[in-house]
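Right, I'll just put the structure down here and ask away after.
The values are calculated or read from the model by the stated rules, or taken from the named source; none is laboratory data. Keep in mind it's a predicted model, so treat the numbers as computed, not measured. As a convention, Cβ positions derive from the backbone with ideal geometry for all residues, glycine included, and neighbour counts pool all protein chains shown.
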Amino acid sequence: MQAAPSEQVPLTAEEKDFLLAVYDTRWRRYFLVYIFLFVLALMYGLRIDRRSQYTGETIHWEDNNPDAKYLSRFGMQMINLVFLEGMFMSTGIYFWMKRVSPLKKDADLGMKEKVPYIIVEKQYYNVSGQYFFAIDDPKLLRTEVDEDTYNKMKEGDTCYIYRGIYSKFVFEENGRYTLM
């Protein structure tokens, strides 16, 4: 049995504000962590051959290594900076594009997806008092629902999950939100 294709519906003002709040929180955390790591890598990369500052004697990499004519201290610093800063910049750009930027795109677009899923199994946990639907998506194996929805629907029915178009941020129908 195949579910119908998804459709786009507008975000409510509360959902848009929530997306912007999550974006603001992630942006600030992202900025602080990556600026700290960038400066740390920069300081480490420029520190090559500075060990002699404590002894007062001048020791250079070029003086101690006969192969130094092929690569100067400046060349070593640049190679170190390229590798260290390259790793931090590439991971920073990757996480920005995957985890932070899509939240802002969804809020600016003002739309969300209404994705239909078929209920494969209903699950109830006595200990926590939570109700879940196991659905036919391998990426989102189950979703939490309230008691009324759990009792109204049966296995094989179609349930709808609202999520952001770019961020895939899941909005729950009763006002709760999932934190990724």
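Here is a check on your reading of the model: is residue 165 in contact (Cβ under 8 Å) with a residue 24 or more places away in the chain, within 29 Å of residue 31 (Cα to Cα), outside the structural domain of residue 35 (by TED's automatic domain parsing) and surrounded by 15 or more Cβ atoms within 10 Å (Cβ to Cβ)? Reasoning before the result, please.
Values: in contact (Cβ under 8 Å) with a residue 24 or more places away in the chain: yes; within 29 Å of residue 31 (Cα to Cα): yes; outside the structural domain of residue 35 (by TED's automatic domain parsing): yes; surrounded by 15 or more Cβ atoms within 10 Å (Cβ to Cβ): yes.
Considered against the rule, which asks whether it is in contact (Cβ under 8 Å) with a residue 24 or more places away in the chain, within 29 Å of residue 31 (Cα to Cα), outside the structural domain of residue 35 (by TED's automatic domain parsing) and surrounded by 15 or more Cβ atoms within 10 Å (Cβ to Cβ), residue 165 comes out as yes.
Could you list, in sequence order, all residues of region 9-20 that are outside any helix (DSSP H, G or I) and either surrounded by 12 or more Cβ atoms within 10 Å (Cβ to Cβ) or hydroxyl-bearing (Ser, Thr, Tyr) (or both)? So that I can check it myself, show each step before the final result.
We begin by selecting, within region 9-20, every residue outside any helix (DSSP H, G or I); these are 9-12.
9, 11, 12, listed by residue number.
Here are some residues: 122, 98. Which one is modelled with pLDDT of 85 or more and assigned by TED's automatic domain parsing to the domain that holds residue 23? Explain how you work it out, then say what you get.
On the way: 122 fails: assigned by TED's automatic domain parsing to the domain that holds residue 23.
98 is the lone residue from the list that is modelled with pLDDT of 85 or more and assigned by TED's automatic domain parsing to the domain that holds residue 23.
From the list 30, 23, which residue is part of a helix (DSSP H, G or I) and either of a type in the set (Gly, Ala, Ser) or modelled with pLDDT under 90 (or both)?
On the way: 23 fails: either of a type in the set (Gly, Ala, Ser) or modelled with pLDDT under 90 (or both).
Exactly one residue qualifies, and that residue is 30.
Test residue 128 against the criterion of being within 21 Å of residue 8 (Cα to Cα) and at pLDDT 90 or above, and give yes or no. Please lay out each step first, then the result.
Numbers: within 21 Å of residue 8 (Cα to Cα): no; at pLDDT 90 or above: yes.
No, not satisfied.
For residues that are farther than 30 Å from residue 36 by Cβ and either outside any helix (DSSP H, G or I) or among the polar types (S, T, N, Q) (or both), tally how many sit in region 91-148.
Number of matching residues: 37.
Still on this structure, please answer the following. Count, please, the residues in region 144-170 that happen to be more than 15 Å from the chain's Cα centre (by Cα) and at positive phi.
Total meeting the criteria: 1.
Go through region 139-162 and report how many residues are more than 27 Å from residue 110 (Cα to Cα), surrounded by fewer than 16 Cβ atoms within 10 Å (Cβ to Cβ) and not aliphatic (A, V, I, L, M).
Qualifying residue count for the region: 8.
In addition: What pairs come up if the first residue lies in region 131-159 and is assigned by TED's automatic domain parsing to the domain that holds residue 114, the second is acidic (Asp, Glu) and part of a strand (DSSP E or B), and their beta carbons are under 8 Å apart, counting only those six or more places apart or on different chains?
131/144; 132/144; 133/121; 134/121; 155/121
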